[in-house]
């Protein structure tokens, strides 16, 4: 009796909804918090199939938790799942579920802890939508401002002094940096929403790398950084991937290499071909990355060097794109000597 009272006290005071079902999926326990979450009273659910009540189905297979947690007898499974409340509304629940196994190893039921995250998910969606719209509006403003700068530089509004030309050049550089940060953020928003799916087709990796090198040659020249490229001669191997996404990977790595390399340094880009994979290596003679920061450099918004401008999203985008292509990326770095980023893709 003492154990039974202790059980009831704990269950009734849990801050989460609690539901227990038997081996047939019939509800055998249901606490107050579960009543508040689902809208059903204890009396309305005890002795009834939880699948019929919350999933509006007749078969336990309709509940994905049943198959993964009960039939396979996982120790514990935590997922997000949608249920139908008594009033017909749908709710997003964070559910922790565990099977109940008797001494002979037979499955006799399971328990579920329920936490309503509907409002939280709604706020997350609203936040992402607002930030995405904000970034789009900022991008439009930057494009308009860049247009006016180009107009002034072309002397369409009259002659300019040397000092004014220098000021306009600074404005253009700042607008370019801002435009890149906005672009990175828009890509990050799409990745978060799972909207960036590679559109794959065969393309030449060597050609893509060469084009990216030419794109950044001017930026490297401004810092007197030597750009070198080593591509296998006569190689016609093709990758099956999203060409623009892979070029984005290369551009992000090249941009970082140039940004963190002191004037007079060098950046080397090369391709290594294997029978089933291609590897691109980008090596610089820059400032390097402290060893304790290396594990975090592919995290969103992480920046190892706070003294330079950037969104902290470039390497996150690199990792996300490569993951979507079944690729991989690694880094080796020595502080004061430089970094080497290598990524591999299946042919």
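If you go through the stretch 15-31 and keep only what is free of Cβ contacts under 8 Å to residues at least 40 places away in the same chain, over 36 Å from the mean Cα position of the chain (by Cα) and in a loop (DSSP other than H, G, I, E, B), you end up with 24, 31. In this entry, residue 264 passes the filter for residues that are more than 21 Å from residue 215 (Cβ to Cβ) and modelled with pLDDT of 90 or more. Among the listed residues 229, 282, 289, identify the single one that is in a strand (DSSP E or B), closer than 28 Å to residue 303 by Cβ and within 25 Å of the chain's Cα centre (by Cα). None of the other options fit; the residue is 282. For the stretch 232-278, filtered to residues that are surrounded by 15 or more Cβ atoms within 10 Å (Cβ to Cβ) and assigned to a loop (DSSP other than H, G, I, E, B), the residue that is nearest to the chain's Cα centre (by Cα) is 242. Being crowded, with 19+ Cβ neighbours inside 10 Å and more than 24 Å from residue 175 (Cβ to Cβ), is that true of even one residue in the stretch 306-316? No, the stretch 306-316 has no match at all. Checked against (1) over 30 Å from residue 32 (Cβ atoms); (2) surrounded by 14 or more Cβ atoms within 10 Å (Cβ to Cβ); (3) at pLDDT 85 or above, residue 112 passes all but a single condition, namely (1). Residue 303 meets each of the listed conditions (1) out of contact with any helix residue (DSSP H, G or I) (no Cβ under 9 Å at 6 or more places or on another chain); (2) surrounded by fewer than 17 Cβ atoms within 10 Å (Cβ to Cβ); (3) on the phi < 0 side of the Ramachandran plot apart from (2). Of the residues screened, residue 220 is one that is surrounded by 16 or more Cβ atoms within 10 Å (Cβ to Cβ), touching a strand residue (DSSP E or B) at 6+ places or on another chain (Cβ under 6 Å) and within 29 Å of residue 301 (Cβ to Cβ). Output the residue which, of all residues in the stretch 65-101 that are at pLDDT below 80 and in a loop (DSSP other than H, G, I, E, B), is nearest to the chain's Cα centre (by Cα). Selected residue: 76. Number of residues in the stretch 19-44 that are in contact with a helix residue (DSSP H, G or I) (Cβ under 6 Å, 6 or more places away or on another chain), under 17 Å from residue 85 (Cα atoms) and buried (at least 19 other Cβ atoms within 10 Å of the Cβ): the value is 4.
If you go through the stretch 219-253 and pick out every residue that is free of Cβ contacts under 8 Å to residues at least 24 places away in the same chain and closer than 23 Å to residue 313 by Cα, you end up with 1.
The values are calculated or read from the model by the stated rules, or taken from the named source; none is laboratory data. Computed from a prediction, not measured in an experiment: that's the story for all the values here. All Cβ positions, glycine included, derive from the backbone under ideal geometry; neighbour counts span all protein chains shown.
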